[in-house]
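Here is the structure we will look at, set down as structure tokens.
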Amino acid sequence: MTFKALLFKIQNPSLHAMAVLVHKVRNRHSFSDYSHIHVVRIMDRRIDYNSGLFRIMDTRIDYNSGLFCHFYNFHSSNSRPFSSLSDSEFSVSSSQLSDNVNEICRILSDYRSPNHDMEPSLERFNGELTTDLVEQVLKRCKDLGNSSHRFFIWAYKRPDFKHSEQSYRILVDILGSNRHFPMIWDLVFGMKNDGFEIKRELFWVMFRSYARANLPTDAIRAFRRMEEFGIKPSIDDLDQLIYTLCKHRLVDYAHKFFEKAKFEFAVSSKSYSILINGWGEIGNWVEAESLFHEMVKEKVPLDIVAYNTLLGSLCKSGKVDYAHKLFREMGSYGLVPDAFSYSTFVNAYSEADDVNSAIRVFDSMRRHNLVPNVYTYNSLIKVLCKNERVDDAYGLLDEMIEKGLSPDLWSYNTILAIHCNVREVNKALRLLNRMDRDLCKPDKHTYNMLLKMLILVGRFDRAVKVWNGMEERGFYPAVTTYAVMIHGLCKRGRIEDACSHFETMIDEGVPPYTSTCELIRNHLVHLGMQDKARVIANKMQRASSCSIQELSIMFDLPLPVKAIETRSKKGVKVRLGSKRKRETLIKKAGVGEGN
């Protein structure tokens, strides 16, 4: 099937639905696999404002996850940022290219819902299209699945323009993230028919997409279909498949397929180590140890990585004492402990909140002249902060820099969370300044913690200063950070300041949460500021973002005749009308709060 045929199907929804059905039957998919075929991912997830000052829902620090990746970076070829084309292939100046990328990304954000008419706004870029421009737009907007896909289709239809192989690969990843699997296969067949060489890395992206969607059998089926595209599966492809399945806790499927595939490929300790780590991640140390003994029995060359993986699996399963026993027996296999061997126990004790044991093992590393990595330092910093030993945590920050390591955001944010939790304003702001000196850029979680604390203690002057310093540090607030500021100001009775930030959101084209719209409107109604509510509604109606325009109705809805007012310590809540009416509004706007 050519890509032109795919375009026809997309433009004819009924025919496309029929094609999806045919695809399911052909590949024996269950109908439930495609229940979310029109999902549009929103760029920021909901923040829980009532769960305490410092709970950050999407930044839970899991210091025991991904240990294995320090040694085997299986997804190195597709985990790095997608590379752009060389400078020699640019047809416009870099400044003009950047402006065009920014403007197109703004359009994709403004027209993010499927019912938004985006294409007419793109027409003025007809003469500016280059493969590099398309790649950069897709990279920056890959969380806007629907808009990115429509932009790709629009560009494909331009005369004398042909997408690069990299653009196809990025789009495959975007479609996979949104579970548009039939479209992925049509796209791959279209690439083949258009003369592109299908590379194995494209299938690695597909493995990840299926595993992320909890469809392990489809990931395995994709592996088996590689030969249809002229790719003979290699041991690297098998390792990628197994690693991806294990990463998404589909270890049983990975192990069963490995048992069949090991007779087709020359498996190594790397393949076994992936599975050993996978079983350890889900706490099944029995299976992990069984695989290790199978390695020894089959005389698969044993290396320190495989042994460390077994130690890590035992520790994650709560068998730390048994892991110590095997640690002492390492020499019988001709192996010498390395930094990761010790780090495994530092991480295990830190996770168990055994700060003294963690420090003891850490000191043992020093005596053996083994340098911990940033991950291990962060693990120890976490447990020190948890036990209110912040000065020792700062000592580790200094030690990292002395040893030539660069503390990362987790290093600083872990300590910052403690300062914010006990409302140490000056120490928190000094740490922010230290991040500047150490060339570590704060992220949204850094700012969210700081702003919550400063607003809570009434230091609005400092909150404004931190807010104004964001752009200087190269950070541009998204919906979550705006919500932190607006909700905090409303709770402190500073409705005019909250409205000012809300209007800035509108000017910047950032669609607010529905709960933020409701909060602002209710406060304005309660304070008798209906005129201000109408001003905001008019501004939203004139916004460039279609989602913001459609949300303006939340400020325009008339109050029911029998409006219910619930007085509490937090103020007055005014009902906006029926639940069904609000749900219809939210669906139409294409904005959700759980994304």
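The values are calculated or read from the model by the stated rules, or taken from the named source; none is laboratory data. Predicted model only: the values in this text are computed from it and were never measured. Backbone-built Cβ (ideal geometry, glycine too); neighbour counts: all protein chains shown.
Points worth noting:
- Residue under evaluation residue 433, criteria (1) at pLDDT 95 or above; (2) crowded, with 16+ Cβ neighbours inside 10 Å, criterion not met: (2)
- Pairs linking a residue in the range 303-323 that is surrounded by fewer than 21 Cβ atoms within 10 Å (Cβ to Cβ) to a residue that is charged (D, E, K, R), with Cβ atoms under 8 Å and 6 or more positions apart or on different chains, are 304/338; 305/270.
- The set of residues in the range 100-143 that are over 19 Å from residue 479 (Cα atoms) and hydroxyl-bearing (Ser, Thr, Tyr) comprises 121, 130, 131.
- Look at (1) in contact (Cβ under 8 Å) with a residue 60 or more places away in the chain; (2) under 27 Å from residue 200 (Cα atoms); (3) in contact with a Leu (Cβ under 6 Å, 6 or more places away or on another chain) and you find that residue 148 fails only one, number (1).
- Residue tally, condition in contact (Cβ under 8 Å) with a residue 40 or more places away in the chain and not in a helix (DSSP H, G or I), over the range 478-497: 1
Residues checked against (1) closer than 30 Å to residue 103 by Cα; (2) not in a helix (DSSP H, G or I):
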position: 462; (1), (2): no, no
position: 476; (1), (2): yes, yes
position: 499; (1), (2): yes, no
position: 502; (1), (2): yes, no
position: 507; (1), (2): yes, no
position: 510; (1), (2): yes, yes
position: 518; (1), (2): yes, no
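- Condition check for residue 403: modelled with pLDDT under 95, of a type in the set (D, E, K, R) and under 25 Å from residue 436 (Cα atoms): yes
- Residues being among the basic types (Lys, Arg), more than 22 Å from residue 500 (Cα to Cα) and not in a loop (DSSP other than H, G, I, E, B) - total across the range 432-460: 2
- Residues located in the range 236-274, provided they are of a type in the set (Lys, Arg) and either touching a Leu at 6+ places or on another chain (Cβ under 6 Å) or within 19 Å of residue 289 (Cα to Cα) (or both): 247, 249, 256, 262, 270
- Where helices (runs of 4 or more DSSP H) sit wholly within the range 144-207, those with at least 2 residues that are of a type in the set (A, V, I, L, M, F, W, C) and within 19 Å of residue 119 (Cβ to Cβ) occupy 145-156, 165-177.
- Of all the criteria given as (1) without any contact (Cβ under 8 Å) to a residue 40 or more places away in the chain; (2) surrounded by fewer than 18 Cβ atoms within 10 Å (Cβ to Cβ), the one not satisfied by residue 210 is (2).
- Picking from residues in the range 312-331 that are over 20 Å from residue 296 (Cα atoms) and hydrophobic (A, V, I, L, M, F, W, C), the one that is farthest from the chain's Cα centre (by Cα) is 320.
- Every residue from the range 471-529 that is of a type in the set (Gly, Ala, Ser) and within 27 Å of the chain's Cα centre (by Cα): 474, 478, 483, 488, 509, 515
- Restricting attention to the range 241-290, the residues being touching a residue at least 60 places away in the same chain (Cβ under 8 Å) and under 20 Å from residue 302 (Cα atoms) number 5.
- Residue 452 vs. criteria at pLDDT 95 or above, among the basic types (Lys, Arg) and surrounded by 20 or more Cβ atoms within 10 Å (Cβ to Cβ): yes
Residue-wise test of (1) surrounded by fewer than 19 Cβ atoms within 10 Å (Cβ to Cβ); (2) modelled with pLDDT of 90 or more; (3) under 30 Å from residue 117 (Cα atoms).
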site: 469; (1), (2), (3): yes, yes, no
site: 495; (1), (2), (3): no, yes, no
site: 510; (1), (2), (3): no, yes, yes
site: 535; (1), (2), (3): yes, yes, yes
site: 551; (1), (2), (3): no, yes, yes
site: 563; (1), (2), (3): yes, no, no
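- For the range 151-166, a tally of residues being without any contact (Cβ under 8 Å) to a residue 24 or more places away in the chain and either charged (D, E, K, R) or surrounded by fewer than 17 Cβ atoms within 10 Å (Cβ to Cβ) (or both) returns 2.
- Restricting the range 332-384 to residues that are in a helix (DSSP H, G or I), under 30 Å from the mean Cα position of the chain (by Cα) and among the charged types (D, E, K, R), the residue that is nearest to residue 395 (Cα to Cα): 382
- Restricting the range 185-207 to residues that are within 21 Å of residue 242 (Cβ to Cβ) and in contact with a helix residue (DSSP H, G or I) (Cβ under 7 Å, 6 or more places away or on another chain), the residue that is surrounded by the fewest Cβ atoms within 10 Å (Cβ to Cβ): 201
- Residue 223 being crowded, with 16+ Cβ neighbours inside 10 Å and at pLDDT 95 or above: yes
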